[in-house]
Each structure stands twice: as structure tokens, then as C-alpha cells.
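All remarks here apply to the structure that follows.
The values are calculated or read from the model by the stated rules, or taken from the named source; none is laboratory data. None of the values given here were measured: they were computed from a predicted structure. Cβ placement follows ideal geometry from the backbone for every residue including glycine, while neighbour counts extend to all protein chains displayed. Note: accessible area is taken over every heavy atom of the protein model, side chains too, but ligands, DNA and RNA are not part of it. Shrake-Rupley method; radii C 1.70, N 1.55, O 1.52, S 1.80 Å.
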Amino acid sequence: MNGPGPLPLDVVSIMSQVVYGRVGNSIAVPRLCRAGLHVAAVPTVVLSNTPHYPTMHGGALPLDWFQGYLDDLVARDALHRLRAVVVGFLGNAAQARALGRWLDRIRPDHPDLMLIVDTVIGDHDHGIYVDPSLVDAYRDHLVGQARGLTPNGFELAQLTGLPVDGIDDAIRAARQLLAGNTEWVVVTSAAPATWTPDDMKILVVTRTGATTIVHPRLALTPKGTGDLFTASLAAHLLEGATIEAAARRSADNVLSALRETQRAHCTELLLPPHP
């Protein structure tokens, strides 16, 4: 009779972590677990809270720690049923290089691995809020390996150097990223020149098609909505949804969280009660 085996991980989620707040893995992991997935959370930075508060402590994980966390997942034999790796905020370009090497190492044993990369760089309101070298690092080490990407409109412009304010421009820019393993790009906060006061847009772009998803624009902006969207997208894709259906459901998931946050008068993003 065989003895107990290792925890069989479905997803490795590689993002920021905060002590207080709901961004990065602090919102992504609860969402993935709600889908019944076994998740390993690998932190890239550990912070007391997000930088918009008056004080913040912490920083990027030492590279040998970060590399060791990834390597020890292999050493524990925890990846034998791994289905997806989800990547978000990285602490520096060295982490992107180390992560790219680790993915190269594990991919022969996981040829169907779904890698989803949220290329966290910045946004229209604040500009670039990471080490600027990460723009090239995402592009050089992760973009071509990913099954799919979830940049916002500002990040799409940074990655491609192309205009993105209109729908057609954003589609052309997204298609510039459809190389290597990359099959789709889902652009959040897309084509801002086309928004109304009441709605925003998401673009789902593949090599053969493009779909615009219009969703309500709510009057609150807690941090972490992009992390929640990417985690939800991964969960729905692992359930078998198409990329368009997964994007629509993920937009609904984020809206439900925003409405729960608004109802509770909370400054941090809240998941709605589990059904």
C-alpha cells in the first residue's frame, strides 16, 4: 500500500503579497481556491500594504529566496498535475529572468501548461510604477512563453510602443504580442478614448478574431481588480470556458466584488459571499 503523497498543485500563482489589503496573491489565491483549485502562492514582494498609503514597509524578495521557492516546488514533487501558472507583479527584472529559466525547466514535463501573464507595469492614472527595466523583462522572458496575456491599455502601449486609444489601434497593438506560444491577449481598461462616463471596455484578441466587452464603470477604484480579473480568468479557463466566455465571466466577477466593496463601504477589495 502506498503512503501519503505530496499536495497535488493545480496552480502556481506568482504575484505580490500584502499584510494588509487585497492585491496580488492576497486576492488571487482566495479566488482560485473558491474554484476548488490547489494553489501554491509564490510572493515576489511582501509589503505591509500598497504604496498609496502614508507608510509602507517591505520590498522585493531576495533573488535566492524567490528562486528557491520555485525550485523547492519541483523538489517536493508537487507539480506532477500542475495545470497553470499565473504571473502578476514582479519585484525586478532579475525575477523575470529567473522565472523564465524555471518555466523552461519544467515545461518538458508539462507541455500543456497554461501560463497566464498579467504584465503589471502601470496605468493611465499613475504612469509606470514598477522598475522600468521590467517592461523589457516581461517582453524578453515571459511574453512569448505565455498562453495568454492580460495587460491593461496603458501596459499594452508600453509593451508594443503603439497607439492604443481606439478599438482598432488596440487590436493592432495586441496582435503584435501574438507570437511564440501566445494565443490570446485580453486587454482590460481598453481603448479609453471610446469610453462613456458609464462604461469601460475589455478587448479579447486572438489571431483570427477580436471581441469587445462593454461593462459598467463604477465610481470606486480599490486596488487589486486586475489581479482578481486574471485569477478569475484562469479559474474559468481551467473549468473549460472559451477565452471570450472566461473574460465575460471574469468581468462579472470583478463587478460583483466592486459592488460588495461599495456595499460594505470598504477601501479594500472584497469578494462577495461564497454562493
For the range 69-77, Karplus-derived ³J(HN,Hα) couplings (6.51, -1.76, 1.60; θ = phi - 60°; whole Hz; x for glycine and proline) come out as 4, 5, 5, 6, 5, 5, 5, 7, 6
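On a full-extension model of 0.36 nm per residue, what is the gain between Ala219 and His126, subtracting their alpha-carbon distance, rounded to one decimal in nm? Each step should come with its number before you reach the end.
Numbers: separation 93, 0.36 × 93 = 33.48 nm, distance 1.77 nm.
That works out to 31.7 nm of additional length.
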How do Ser133, Ser48, Ser13 stack up against each other in accessible area, from largest to smallest, with a 1.4 angstrom probe?
Ser133, Ser48, Ser13
Between rounded, prolate and oblate, where does the range 38-162 land on the alpha carbon gyration tensor, with a ≥ b ≥ c its root eigenvalues, rounded for a/c under 1.5, else prolate if a/b exceeds b/c?
oblate
Against the 2.2 N^0.38 Å rule of thumb, the C-alpha Rg of the range 12-53 sits at a ratio of 1.14
Calculate the tail of P(r) for the range 57-110: the fraction of all Cα-Cα distances greater than 18 Å, expressed in %.
33 percent
Value at 222 nm in deg cm²/dmol, rounded to 500, when DSSP H runs of n ≥ 4 in the chain each add -39,500 (n - 2.57)
-11000 deg cm²/dmol
Show Thr212, Thr150 ordered by accessible area, largest first, where the area counts protein heavy atoms only and the probe is 1.4 Å.
Thr212, Thr150
Exposed-site-free run, longest, the chain (rule: GluC sites (Glu not before Pro); DSSP loop; at most 15 other C-beta within 10 Å)
1-182
For the range 132-260, max minus min Cα coordinate along each principal axis, in Å, sorted largest first?
38, 34, 30
Can you list residues whose amide H is under 5 Å from His124's amide H, if they're 5+ apart or on another chain and H is modeled 1.01 Å from N?
Phe154
Using a 1.4 Å probe on heavy atoms of the protein chains only, the accessible area for Asp252 in Å², nearest 10, reads 90 Å²
Long-range alpha-carbon pairs in the range 5-79, meaning those over 21 Å apart, account in percent for 34 percent
Under 5 Å, built H, 5+ apart or other chain: amide partners of Leu270:
Thr261
I'd like the distance between the alpha-carbon centres of the range 81-116 and the range 184-262, rounded to an integer number of Å.
23 Å
Qualifying trypsin sites (Lys or Arg not before Pro) in the range 33-90, DSSP loop, other Cβ atoms within 10 Å at most 16
Arg76, Arg81
Given charges at Cβ of Lys, Arg, Asp, Glu: the chain dipole, positive-most of Asn152, Gly127, Pro54:
Asn152
Report the accessible area of Asp125, computed with a 1.4 Å probe over the heavy atoms of all protein chains in place, in Å² rounded to the nearest 10.
130 Å²
What figure in square angstrom, to the nearest 10, would you give for the accessible area of His274 with a 1.4 Å probe?
110 Å²
With θ set to phi - 60° and the Karplus curve 6.51 cos²θ - 1.76 cosθ + 1.60, what are the ³J(HN,Hα) couplings of the range 211-227 in order, to the nearest whole Hz, using x for Gly and Pro?
10, 9, 10, 9, 9, x, 10, 8, 8, 7, 9, x, 6, x, 5, x, 5
Could you tell me whether the range 106-150 comes out rounded, prolate or oblate from its Cα gyration tensor? Rule is a ≥ b ≥ c as square roots of the eigenvalues, rounded for a/c under 1.5, then prolate if a/b exceeds b/c, otherwise oblate.
prolate
Dividing the surface of the Cα convex hull of the chain by four yields a projected area in nm² of 15.2 nm²
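Counting other Cβ atoms within 10 Å of each Cβ, which chymotrypsin sites (Phe, Trp or Tyr not before Pro) in the range 1-105 have at most 14 and sit in a DSSP loop? Walk me through the numbers on the way to the answer.
Values: sites: Tyr20, Trp65, Phe66, Tyr69, Phe89, Trp102; in loops: Tyr20, Phe89.
Here the sparse-neighbourhood loop sites are Tyr20.
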